[in-house]
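The values are calculated or read from the model by the stated rules, or taken from the named source; none is laboratory data. As the structure is a prediction and not an experimental result, all values here were calculated from the model. Methodologically, a virtual Cβ is constructed for each residue, glycine included, from the backbone with ideal geometry; neighbour enumeration extends over all protein chains shown. Protein only, heavy atoms only, side chains kept; ligands, DNA and RNA dropped before computing areas. Shrake-Rupley method; radii C 1.70, N 1.55, O 1.52, S 1.80 Å.
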Amino acid sequence: MLKNRDVPKELKIFNSLFYEFHYKFDLSQIFDDLLTMIICAMGHQTQEDLYLQTIKKYNRQEIDIFCKLFGELMKIYNQNKTFGIWCDPLGDYYECLASNYKKSSFGQFFTPRPICDFMAKILFDSNDWGKTMNEPTCGSGRMILAANQHCKGNYYVCEDLDPICCKMTAINLCFHEIRAEIHCHDALMMNNYRFSLVTNYEFWKHETKCIFYYPSAKNG
């Protein structure tokens with residue numbers, strides 16, 4: 001079990017809730033299902049079939065736990081937004097799980113925040129605006145979060161072979177109010193395509209955070 005002392009302070013309640021599933025389900029599946037449920041929730045009733053398919057293995061009490069997990073994430077995003085800093089609670093927690101379990105279903109480790117911030121400052125001009133930028137190995141989206149902190153108002157095309165990484169990126173970008181498209185495929189060979197996600201489409205007009213999911217064809 002991942003003890004509270006092994007996770008960041010802001011994720012301790014999240015961790016306690018997450019481990020209520022520990023003895024019944026595979027933890028990597030729980031994490032992936034949580035990401036899918038959040039994406040469906042932010043799809044504004046466009047992904048009801050996917051949502052129902054995802055939750056059918058869980059009972060009412062377990063679904064309530066997922067809702068509480070989502071609520072804890074919302075608190076973290078909102079608290080960090082108040083202080084004007086970017087955050088990656090999903091990536092942080094996923095790394096904690098990966099460091100605690102020697103399983104093939106875990107294993108992602110992401111660029112530390114100070115390095116992301118440093119790279120953003122040397123790669124991007126603070127006056128950049130309205131540009132389209134590509135991140136071919138997006139991980140949990142940290143480089144994009146750091147870039148957006150340094151220069152806002154750009155559009156990002158994100159790619160990764162790992163479905164969990166693509167989902168984390170979409171959720172992180174959604175709640176940081178970043179417009180982007182995320183493609184789950186092999187960015188080097190341009191194959192093994194699985195799905196695409198679009199975050200905050202026309203956010204400037206509707207002021208509504210959203211994630212749209214495309215399971216079979218790329219959409220910009």
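Within the option set 206, 176, being at pLDDT 95 or above, open to solvent by 30 Å² or more (accessible area, probe 1.4 Å) and not acidic (Asp, Glu) holds for one residue only, 176.
Scanning the stretch 1-59 for residues that are hydrophobic (A, V, I, L, M, F, W, C) and over 20 Å from the mean Cα position of the chain (by Cα) yields 1, 2, 21, 25, 52. Checking each residue in the stretch 21-32 for being modelled with pLDDT of 90 or more and open to solvent by 10 Å² or more (accessible area, probe 1.4 Å) picks out 29, 32.
One residue alone among 84, 71, 91 is assigned to a helix (DSSP H, G or I) and surrounded by fewer than 14 Cβ atoms within 10 Å (Cβ to Cβ), and that residue is 71.
In the stretch 5-19, the count of residues that are of a type in the set (Val, Ile, Thr) and touching a strand residue (DSSP E or B) at 6+ places or on another chain (Cβ under 9 Å) is zero. Of all residues in the stretch 119-145 being modelled with pLDDT of 90 or more and hydrophobic (A, V, I, L, M, F, W, C), which is surrounded by the fewest Cβ atoms within 10 Å (Cβ to Cβ)? It comes out as 122.
Give the residues of the stretch 33-68 that are in contact (Cβ under 8 Å) with a residue 60 or more places away in the chain and exposed (fewer than 15 other Cβ atoms within 10 Å of the Cβ), sorted by residue number. Across the stretch 33-68, the qualifying residues are 44, 46.
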